[in-house]
Structure formats: structure tokens, C-alpha cells
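Everything below concerns the one structure shown next.
A short reminder: the numbers here are calculations on the coordinates, not readings from a lab. Quick caveat, the model's predicted, so the values are computed rather than measured. Note that each Cβ is placed from the backbone with ideal geometry, even for glycine, and that neighbours are counted across all protein chains shown.
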Amino acid sequence: MRAIIKCSTIIILALTVATPASAKGCLKGALIGGVAGHYTVHHGLLGAAAGCIIGRHEAKRRAQMERERTAHPTSRDGEDHL
């Protein structure tokens, strides 16, 4: 029960602190990290915090790759044609 309360607290804090663009990655990472941390070493709070950081990083990286892909479209074979 305490783990559920801690995870809920993390999610609420993440929603108030994180920006909308990075909240998705943070919430997903916090959920996965909290559960993994709880079951492996009984430190769900640390797992949730680490998962949030990693999730935000991954979400930012995917967003950057998507922006680059749409800004510089390439042909089917991967070569740029003028």
C-alpha cells in the first residue's frame, strides 16, 4: 500500500513540475521504474525518480529525431536529390 501511495505522489509531482512535452516520457518512465525498483530492491521511489529522468531523456531524443526527419526529408534510398 505504501508503494502505491509513493508512486501516486511521484506521478502527481511529475505532473506539476514537468512540462507537457516531457511529461509523457516522465510518467511512463516513473511508472516502470517505480514498479521495477519496488520489486527488485524495495526502493520504488528511487526507481520512479530514475525512470522519470530516463523517460524524459528518451522522449526528448525521439522528438528531436522526429523534428530532424520532418525538416530534412530524404528519398526512399536514403540519398538526397535536388
Next item on the list: Using θ = phi - 60° and the Karplus relation 6.51 cos²θ - 1.76 cosθ + 1.60, list the HN-Hα couplings for region 61-70 in order, rounded to whole Hz, with x at every Gly or Pro.
Entry: 5, 5, 5, 5, 5, 5, 5, 5, 5, 7
Check: Long-range amide H contacts for H43: which residues qualify at under 5 Å (H placed 1.01 Å from N, peptide plane, sequence gap of 5 or more or a different chain)?
Finding: H38
Check: Under a Cβ-Cβ cut-off of 12 Å, what is the net charge of the residues other than L45 that fall near it, where Lys and Arg count +1 and Asp and Glu count -1?
Finding: +2
Check: How would you rank 44-50, 60-66, highest first, on the average number of other Cβ atoms within 10 Å across their residues?
Finding: 44-50, 60-66
Margin query: On a full-extension model of 0.36 nm per residue, what is the gain between A36 and E66, subtracting their alpha-carbon distance, rounded to one decimal in nm?
Written below: 7.9 nm
Next item on the list: Give, as a single signed number, the net charge of other residues whose beta carbon lies under 14 Å from the beta carbon of I10, with Lys and Arg counted +1 and Asp and Glu -1.
Entry: +4
